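Undergrad: Just passing along the structure, written as structure tokens.
Nothing in this text is a laboratory measurement; each read-out follows from the coordinates by a stated rule. Everything numeric in this text was worked out from a predicted model, so none of it was measured. Heads up, the Cβs are rebuilt from the backbone with ideal geometry, glycines too, and the neighbour counts pull from every protein chain shown.
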Amino acid sequence: MPILQVLDEIPDPRGYNVVHELTDVLFVALAAMLCGAANCTEMAMFAEGRLALLRQFVPLEGGAPSHDTFSRVFRLLDPEAFGAAFRKLMAAFGQEARYAAQGQLAVDGKSLRRAYEKGRAHMPPLVVTVLECETFMSLVQTIAGEGGEAEAAIAALKLLSLKGCTVSGDALHCHRRFTQTVVDGGGGYVLAIKGNQSKLAREAATCLDAAAANPKTAIAETEDATHGRHELRRAIVTAFRQSQGKAALVGLKAVARVEVWRTDKGVTSHEVRTYALSRIMTPSDVLAAVRGHWAIENRLHWQLDVLMAEDQARNRKALNVLRADPRSIPLSHKRLKARWNDQELLQLVTHMR
């Protein structure tokens, strides 16, 4: 399904007396983001400077949209309708590339500290993202409402087929409803256990202490040394039967302990983390899953903050489109090339279609 057909399905919240079609405005905004625009004023400047090129894709009969037009559209746009269109676009992309979500899916929330509407600085929007760790593609984003990040994460997972996937999350998501959602969707999970599940944490610690004392327990280690910092990670896994109760996790089969020794500038710290598993995994697989979960912070949040300036913007970003371009060059370079060369922009637009 071409991107323009998907955008056509989004209802226009502005009424009937408009100069620019909603599809035209959204397409121009996305193209502008690909070329480095970070706010509505820059989008308007881009539209004016690339008007002839943009008209190869959308009519823009009213000329280049102004910054007021972009601002009004993003202020009034229904986020649920836009999210549904985004998911359709990603599904179409997957069909075109013969691709289906698989492997590990990381779930995490991010507060857009400087992306609030005027007068709501005390309540910046919190966006929950489901990221495929292998491809670093953002599959679903939902805005947290009254139920906060926990409810938004459940809503996001219900939009996906989880068959064959392993869902990872921090301790906030280590609760019965989240695990029920994952299991109902056909997936498994690796979830951090902390104080919010005090009884489970105590029981898991006792079980893992016994496993650690057993010389037959399998151990896996990884070691990294970069930029003067040295890290040693060690993991063990053991089968586990939790106490029954209303808060018991659904499908819990094992627990894991990951210890991390980090030495930086001669100072060594030690951290112990505990995880709930829906299946008995090897210690090596647990280490890979734990490190994979950090991809959502290192690959998605960092790029949105630093490269795409998401904290300061109030509109959706084109990160997935940049990643869809198969060339092995930095995302920042792709944006610069699109900004300086019409053919480079056309190539990125091709991946949107």
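Undergrad: Once phi is turned into θ = phi - 60°, what whole-Hz ³J(HN,Hα) does the Karplus curve with 6.51, -1.76 and 1.60 give for every residue of segment 143-153, x standing for Gly and Pro?
TA: Result, rounded to whole Hz: 8, 5, x, 5, x, x, 4, 4, 5, 5, 5.
Undergrad: To continue, here is another question. So if each residue of separation counts as 0.36 nm, and I subtract the Cα-Cα distance between residue 61 and residue 224, what length gain in nm does that give?
TA: Details: separation 163, 0.36 × 163 = 58.68 nm, distance 5.64 nm.
Stretched out fully, the residue 61 to residue 224 stretch lengthens by 53.0 nm.
Undergrad: Length gain on complete extension for the stretch residue 259 to residue 232, per 0.36 nm per residue less the alpha carbon to alpha carbon distance?
TA: On the way: separation 27, 0.36 × 27 = 9.72 nm, distance 0.81 nm.
Extending this stretch completely gives an extra 8.9 nm.
Undergrad: Which number do you get for Rg(Cα) / (2.2 N^0.38 Å) in segment 191-303?
TA: 1.15
Undergrad: Tell me, how many Å apart are the Cα centres for segment 17-52 and for segment 123-166?
TA: What the calculation gives is 28 Å, centre to centre.
Undergrad: Still on this structure: What net charge do the residues around residue 62 carry, taking every other residue with its C-beta under 10 Å from that of residue 62, with Lys and Arg at +1 and Asp and Glu at -1?
TA: -3
Undergrad: Give, as a single signed number, the net charge of other residues whose beta carbon lies under 10 Å from the beta carbon of residue 190, with Lys and Arg counted +1 and Asp and Glu -1. Kindly include the intermediate steps, with their values, before the conclusion.
TA: On the way: positive: 279; negative: 285.
Here the charged neighbours net out to 0.
Undergrad: Where Lys and Arg each count +1 and Asp and Glu each count -1, what net charge lies around residue 103 among other residues with Cβ under 10 Å from its Cβ? Please list the in-between numbers first.
TA: Numbers: positive: none; negative: 132, 134.
Neighbourhood net charge equals -2.
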